[in-house]
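Data block below; observations after.
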Amino acid sequence: MTDPGPTAEAALQAALGWLRKQSDVRYAEVRFVEGAGEHLRVRDGRPEQVATEATRGVGIRVLGAKAWGFACTADTSEGELLAAAARALSIARASAQIARAPVLFPEQAPARGTYETRVAADPFAIALETKLGALDSPVRALRAGDPRLVSAEAWMDWTRQTKRLLTTEGTDVTQRFTFGSCGMHVFARGDDGVSQRRSYPCWQGGDGFQAGWERVGALDLDGNVDRIKDEALALLRAPACPAGTRTLLLESSQVGLQIHESCGHPTELDRAMGSEISLAGGSFLQPGLLGKLRYGSPLVTLVADATSDGGNGTFGWDDEGVPAGKHALVEGGLFVDYLSSRETAAALGRGSTGTMRAEAWNRAPIIRMVNVSLEPGVAGTLEDLVADTADGILVATDRSWSIDDIRLNFQFSCEIAWEIRRGKRTRIVRNPFYTGITPRFWNSCDAVCGPSEWRLWGITSCGKGDPMQVMHVGHGASPARFRDVTVGSTS
Amino acid sequence: MTWRGADLLTLCQDALRAAGEAEVEIYARMAERGCARFAMGELGQHMQLSEPYAVVRVAHGQRVAEAATSRLDRETLVRTIGDAARAAKHIPEVEGFPGFAEKDDVPLEAAPRFAEATARATPEERVERLTPVLQAIRAAGMVSAGMLETSHAALAVATTRGCARSHDGTIASFRVWALETAGAGGAAGYGGQLHRDIHALRLADETERAIRVCRTSRDPASLDAGTYDVVMEPEAATELLEWLAMIAFAAPEVEQGTSPLAGRLGERITGENIDLVENPLDPSELGFGAPFDREGTRRQRVALVERGVARAVLYDRTYAARAGATSSGSALAPAPGSPGGVGATSVALGPGTASSVDELLADVDRGLYICRLHYVNGLLEPRRAVMTGLTRDGCFLVERGKIARPVGNLRFTDSLLEGLARCDGMTRTRRAVPTWWSDTGAFVSPAIRMRAFRFNGKSQERPSLAP
């Protein structure tokens, strides 16, 4: 595991030491982050993006007598870190001028240790030609055989991040993450000029994970080329998804995005309390509903698990030094807890669920989803669920997503849907969308497939905060069934 | 040190000379942002953000590799050039790559973009300016939220072919909400303004606007989904235009065939009264951003849609060469985790002829007055520009030309191009609204009236508790 190096290490300690000596500093954290990234994208047989990036810097967050201040620097010399610490404190002091009451921030036992992603094959050690070849091969195959297959693209992204967190409470943890994502899609265009897209393995950006190059092989892009080509071509002549109130089956990745928008975000306690109005809005899940609101049916148990192996939202400690944990948010359908921070949880008289993370060294931590997942049920496989459905619609692979500013009214459109009649998939229908109200929708869940179908998906581009911060988060899910859902077509 | 564009340019040129590579481009940016974010009536997040970033591209023939760094010093830039050069040896050729930008001695249009007062704004000054904002909203019995940001971005582009550009721009941005509840929904009002000069921000006026809308939004009636004539404030209209820009105007989407403009240049795609212009050089206070793009190409005013007819798309150098066109200076600057690409940053709609929003409302028998939109998504059917989203921060029923009462938030799903074909009114005055994905651009729109916009759902239902 890399570390900041002796010079920067001494500078970090000097900044922390200076902050400890300031009489009005109640708490401070000094967070060193060094990152490396690689972004590869092949489109229609040519490299669209071959890029690397390196970043290194320190963020300093200070809680003064009444308020917070944050400053940062890319220069990790002692002089610059001391200056950044002084800037953060001066901001906290300036903000205190209009603070009505001191921030409530309970103490946290100091944490020490290391965390590292389990990596079998280091993606940064794999030759560039090998990685580009792994993308070029499916792209060429996706375009072959039919002139209506007009464009294809495949991509992979790798990020390695080393994070060292030191706090005035004595926390000293070092974490080294390796994130990856990979995917592909193809566009087919019909005589009417309208395109249909099919993607693998999931929505835009592909499936994100914490692992190494070994995950790319396991994804088997080449092995899924023919299926998504056939489906893209079939969509060109498919009828529009019929509108109505229907039984709806969501495949696993769509359940993941449904969780993301209608459970993950509304259970963020900063959002529920009102801290996120300036970008994302609030939440219908207000503290008075804790332990009282029947969020979903008894089959619905949603957990926030920052310890899931290989999850995009897995870590050892959050950016306030709280250890990763597993917490039920919805248990047997009942809303029971939030994604929280030390400050927000204290406002409810609770302990933090350890979800504060910052995108980079030059951003302050905010509450972020970890791996927020639906526990598997007992409905067997997806095909078992189809066989158990007399009449319905099965949708797969998200295309658009939208939800209101308190996370109640949602609408998703998907790339493809199949009608189900008497327990069998029948025809493909195109441009499907479904819409609903969050607790009504989750209360209509009457089947969740079993552990064999459960998969931990990763979203690489969850946006939150102001200025916006993009974060890696995860969602585990099995396919699930929902009754009496409004379904339609955008056609 | 406080970076200026000229300093960055000197650094980039030094690094180019020291690296010794034949074909290199460096784009460098240093932004210092002071962000005072308030919520729940308190200044909860107050931050000084440094954003140094340099992106190097090295070409070996038509093999082009890119490497970026957050360290702005000569040694690091030279090392980054070396990294990109090594990668360039191993990758396939980029079809159409024309080489990096050449020397251009014609002076750039110098639109005013910089205000010293904004660049020098301190945490104490932001607090001082926000204090009456928070007090006014509290005095109105409401909860405040929002952001006051002061930023200075220095930019430079240098290439081994002699292109040398630098720029300094400042933005003072104020967004404010007055809310009935802190985070649980209910009545809300928004105000906001963007200007290069912090002294030009009218914080009191915008705060009053937010309070007024919140006050008049209380106790909304529940309105059924359906088809309504709508009058949208500029903040709502620009949200739709941002999505249109993302799916429609850039060469990659046109080449891929997913853009509504693909194969339709010269055809009518929307109403005759619709003019859409990419206008990065706007010298008025509605203009923001640098006069050159990340490749150093001078940016151009591009008429995208003229009297409803699709006229042009936006190019960078490579897509332009491939299409036999000229770059419009639309290469987007990359940022950490974001690849850049090609696209619009400064789309402007209109203006129209109506003297006020009231004049637009006067010709609505039964419809909606919409202050803002939320979570618009334009990926449903990009070819038709079908979008969905919700109203937010003020939605009112209009009857017989007057605002009748507030209504709960509604979800729309409709084609924007078809909606604009039914647009029959726009105001003369326009507002610049900051794009949510960038701190350097703004879209410009009048208030607009569209007939028969389709709404398919409503929100603000309260969940029932367990027994």
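The values are calculated or read from the model by the stated rules, or taken from the named source; none is laboratory data. Since the structure is predicted, the reported quantities are computational estimates derived from the model, not experimental observations. Neighbour counts run over all protein chains shown; Cβ positions are idealised from the backbone, glycine included.
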In the set A:S461, A:S491, the lone residue that is outside any strand (DSSP E or B) and either modelled with pLDDT under 95 or among the basic types (K, R) (or both) is A:S491
Among (1) surrounded by fewer than 19 Cβ atoms within 10 Å (Cβ to Cβ); (2) assigned to a strand (DSSP E or B), B:A28 falls short only on (1)
The one condition A:T307 fails out of (1) in contact (Cβ under 8 Å) with a residue 40 or more places away in the chain; (2) closer than 25 Å to A:G450 by Cβ is (1)
Those residues of region B:66-92 that are more than 7 Å from chain A (Cβ to nearest Cβ) and crowded, with 21+ Cβ neighbours inside 10 Å come to a total of 7
query = buried (at least 18 other Cβ atoms within 10 Å of the Cβ), of a type outside the set (S, T, Y), at pLDDT 95 or above and more than 23 Å from the chain's Cα centre (by Cα), is that true of B:E235?
reply = no
Filtering strands (runs of 3 or more DSSP E) wholly in region A:356-454 for at least 1 residues that are surrounded by 24 or more Cβ atoms within 10 Å (Cβ to Cβ), modelled with pLDDT of 95 or more and within 14 Å of chain B (Cβ to nearest Cβ) gives A:391-403, A:409-421, A:432-437
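To keep it simple, each residue is scored yes or no on (1) in contact (Cβ under 8 Å) with a residue 24 or more places away in the chain; (2) farther than 29 Å from A:G463 by Cβ; (3) of a type in the set (A, V, I, L, M, F, W, C); (4) crowded, with 22+ Cβ neighbours inside 10 Å.
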{"residue": "B:F292", "(1), (2), (3), (4)": "yes, no, yes, yes"}
{"residue": "B:Y315", "(1), (2), (3), (4)": "yes, no, no, yes"}
{"residue": "B:S327", "(1), (2), (3), (4)": "yes, yes, no, yes"}
{"residue": "B:T353", "(1), (2), (3), (4)": "yes, yes, no, no"}
Please verify whether B:T118 is outside any strand (DSSP E or B) and within 21 Å of the chain's Cα centre (by Cα), treating the condition exactly as stated. yes
**Residue in region A:154-177 that is at pLDDT 95 or above and under 30 Å from A:T486 (Cβ atoms) present** = no
Checking A:T307, A:T301 in turn, the sole residue that is at pLDDT 95 or above, hydroxyl-bearing (S, T, Y), more than 14 Å from the chain's Cα centre (by Cα) and more than 26 Å from A:D398 (Cα to Cα) turns out to be A:T307
Going through region A:177-194 in order, the residues found to be free of Cβ contacts under 8 Å to residues at least 60 places away in the same chain and assigned to a strand (DSSP E or B) are A:G180, A:C182, A:G183, A:M184, A:H185, A:V186, A:F187, A:A188, A:R189
If we keep only residues of region A:163-196 that are more than 14 Å from chain B (Cβ to nearest Cβ) and polar (S, T, N, Q), then the residue nearest to the chain's Cα centre (by Cα) is A:T178
Going through region B:93-131 in order, the residues found to be within 14 Å of chain A (Cβ to nearest Cβ) and either within 30 Å of B:R37 (Cβ to Cβ) or of a type in the set (K, R) (or both) are B:A121, B:T122, B:P123, B:E124, B:E125, B:R126, B:V127, B:E128, B:R129, B:L130, B:T131
* Asked: Is there a residue being of a type outside the set (K, R) and part of a strand (DSSP E or B) anywhere in region B:251-272?
  -> no
ask   = When you look at A:V372, is it within 26 Å of A:M468 (Cβ to Cβ) and among the hydrophobic types (A, V, I, L, M, F, W, C), yes or no?
value = yes
B:L373 vs. criteria modelled with pLDDT of 95 or more, assigned to a strand (DSSP E or B), buried (at least 23 other Cβ atoms within 10 Å of the Cβ) and within 8 Å of chain A (Cβ to nearest Cβ)
no
Counting only helices (runs of 4 or more DSSP H) entirely within region A:195-282, those with at least 2 residues that are touching a helix residue (DSSP H, G or I) at 6+ places or on another chain (Cβ under 7 Å) are A:225-236, A:269-273
Listed by first then second residue, the pairs whose first member lies in region B:262-281 and is within 14 Å of chain A (Cβ to nearest Cβ), whose partner is of a type outside the set (F, W, Y) and assigned to a strand (DSSP E or B), with beta carbons under 8 Å and at least 6 positions apart or on separate chains, are B:R264/B:A310; B:L265/B:A310; B:E267/B:V309; B:E267/B:A310; B:I269/B:V305; B:I269/B:V309; B:I269/B:A310
If we ask which residues in region A:286-307 are at the interface with chain B (Cβ under 9 Å from one of its Cβ atoms), assigned to a loop (DSSP other than H, G, I, E, B) and buried (at least 19 other Cβ atoms within 10 Å of the Cβ), their number turns out to be 3
Filter region B:365-399 for residues that are touching a Gly at 6+ places or on another chain (Cβ under 6 Å) and β-branched (V, I, T); the one that is farthest from B:G226 (Cα to Cα) is B:V376
Output for Cβ contacts, cut-off 6 Å, separation at least six or different chains, first residue over 30 Å from B:L134 (Cα atoms) in region B:20-40, second hydroxyl-bearing (S, T, Y), reads B:E23/B:T160; B:V24/B:T160; B:E25/B:T159; B:R29/B:Y53
Picked from region A:353-396 (must be without any contact (Cβ under 8 Å) to a residue 60 or more places away in the chain and touching a helix residue (DSSP H, G or I) at 6+ places or on another chain (Cβ under 8 Å)), the residue farthest from B:G337 (Cα to Cα) is A:T353
Taking first residues from region A:321-335 that are closer than 21 Å to A:R294 by Cα and second residues anywhere that are of a type in the set (G, A, S), the pairs with Cβ under 7 Å that are 6 or more apart or on different chains are A:H327/A:A304; A:L329/A:A304; A:V330/A:G296; A:G333/A:G296; A:G333/A:S297; A:L334/A:G291; A:L334/B:A466
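If you take the residues in region B:276-290 that are small (G, A, S) and over 19 Å from B:L244 (Cβ atoms), which one is surrounded by the most Cβ atoms within 10 Å (Cβ to Cβ)?
It comes out as B:A290.
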Sole miss for B:A164 among (1) surrounded by fewer than 24 Cβ atoms within 10 Å (Cβ to Cβ); (2) within 19 Å of the chain's Cα centre (by Cα) is condition (2)
Taking region B:132-183 and keeping only residues that are over 24 Å from B:G441 (Cβ atoms), among the aliphatic types (A, V, I, L, M) and more than 8 Å from chain A (Cβ to nearest Cβ), one is left with B:V133, B:A136, B:I137, B:A139, B:A140, B:M142, B:A178
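Go through region A:76-99 and give me each residue that's closer than 22 Å to B:S70 by Cβ and buried (at least 20 other Cβ atoms within 10 Å of the Cβ).
A:T76, A:L81, A:A84, A:A85, A:R87, A:A88, A:I91, listed by residue number.
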Here, strands (runs of 3 or more DSSP E) confined to region A:1-107 with at least 2 residues that are more than 8 Å from chain B (Cβ to nearest Cβ) and of a type in the set (F, W, Y) are A:27-43
